[in-house]
Amino acid sequence: MTGTISIKDVHVGQGDWSADFSLTIEGGSLTVVIGPSGAGKTTLLQLIAGFVPLRSGSVFVDDRDISTLAPGKRPIAMLFQENNLFSHLTAARNVALGIHTGLRLSQQDIEKVEEGLAAVGLSGLGERRPGELSGGQRQRVALARALVTNRPILLLDEPFAALGPAQRLEMLALVDRLRRERNLTVLVVSHQVDDVAKLDGRALFVDEGIIKGDSTIAAMIANPPAAARNYLAID
């Protein structure tokens, strides 16, 4: 599975608000989604993950139509702004939930958890509970939990927004490194354009429920489409 996402003539909406998307995201690529609040960025990720019902259109991963699959059945892992860790469980057991929700683990599973923690720089911290970890470390635990699912697509809905600037950059660099190492397809929603400026990937500018800009990240910042110039504070 390459993790290529194809969104074909998708229409979603609630009440007076609607969004329309058609695009293809190549497997193994990094795509950053930017735009003002309420523009439809999170909706784009949620319709891929299966959290938003489609009024029309289809979502494919590779050649498989996943439009009617439940979120848990899709080849997708998603990180949210809240890390959703269980405070009474250790970091290792929080990660293990990505393998088995009942925490019935084989020795191979235990080794997989340890590998997941090591991949995000948390070797030796598996027995700590979330309250004993920093904010950045808690988000690393959540990232490790996503990694151990072994799903080829990773969606990030501003999971690092509560961190300081240096930690955000560090976490984005970690995600990009893991993408390259594991050939993951990664989509990141971000309000902090400076955070993604040094990444090598694609940028989508979403506003009013449609994609109004589509280019490389570097081109989006250096020469944004007219619709994005105010958002990016470029005269």
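The values are calculated or read from the model by the stated rules, or taken from the named source; none is laboratory data. Here the structure is a predicted model, which is why all the values come from computation and not from measurement. We place every Cβ from the backbone using ideal geometry, glycine too, and count neighbours over all the protein chains shown.
What to note about this one:
- Meets criteria (touching an Asp or Glu at 6+ places or on another chain (Cβ under 7 Å), closer than 22 Å to Phe205 by Cβ, modelled with pLDDT of 95 or more and not small (Gly, Ala, Ser)) for Leu45: yes
Each row is one residue, and each column tells you yes or no for (1) under 24 Å from Asn183 (Cβ atoms); (2) at pLDDT 95 or above.
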position: Thr2; (1), (2): yes, no
position: Lys8; (1), (2): yes, yes
position: Asp20; (1), (2): no, yes
position: Gly38; (1), (2): no, no
position: Gly50; (1), (2): yes, yes
position: Phe86; (1), (2): no, no
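- Matching residues, region 17-35, being in contact (Cβ under 8 Å) with a residue 60 or more places away in the chain and in a strand (DSSP E or B): Trp17, Ser18, Ala19, Asp20, Phe21, Leu23, Ile25, Leu30, Thr31, Val32, Val33, Ile34
- Checked against (1) closer than 14 Å to Val206 by Cβ; (2) touching a strand residue (DSSP E or B) at 6+ places or on another chain (Cβ under 6 Å), Gly38 passes all but condition (2).
- Odd one out for Phe21, checked against (1) buried (at least 19 other Cβ atoms within 10 Å of the Cβ); (2) aromatic (Phe, Trp, Tyr); (3) not assigned by TED's automatic domain parsing to the domain that holds Arg202: (3)
- When Gly98 is tested against (1) out of contact with any helix residue (DSSP H, G or I) (no Cβ under 6 Å at 6 or more places or on another chain); (2) free of Cβ contacts under 8 Å to residues at least 60 places away in the same chain, just one condition goes unmet, and that condition is (1).
- Residue count, region 203-231 (criterion: closer than 18 Å to Ser22 by Cα and out of contact with any strand residue (DSSP E or B) (no Cβ under 8 Å at 6 or more places or on another chain)): 2
- Residue ID - farthest from Ala146 (Cα to Cα), chosen from residues in region 101-131 that are in contact (Cβ under 8 Å) with a residue 40 or more places away in the chain and loosely packed, with under 15 Cβ neighbours inside 10 Å: Gly131
- When region 139-181 is limited to residues that are basic (Lys, Arg) and surrounded by 21 or more Cβ atoms within 10 Å (Cβ to Cβ), the one that is farthest from Lys198 (Cα to Cα) turns out to be Arg145.
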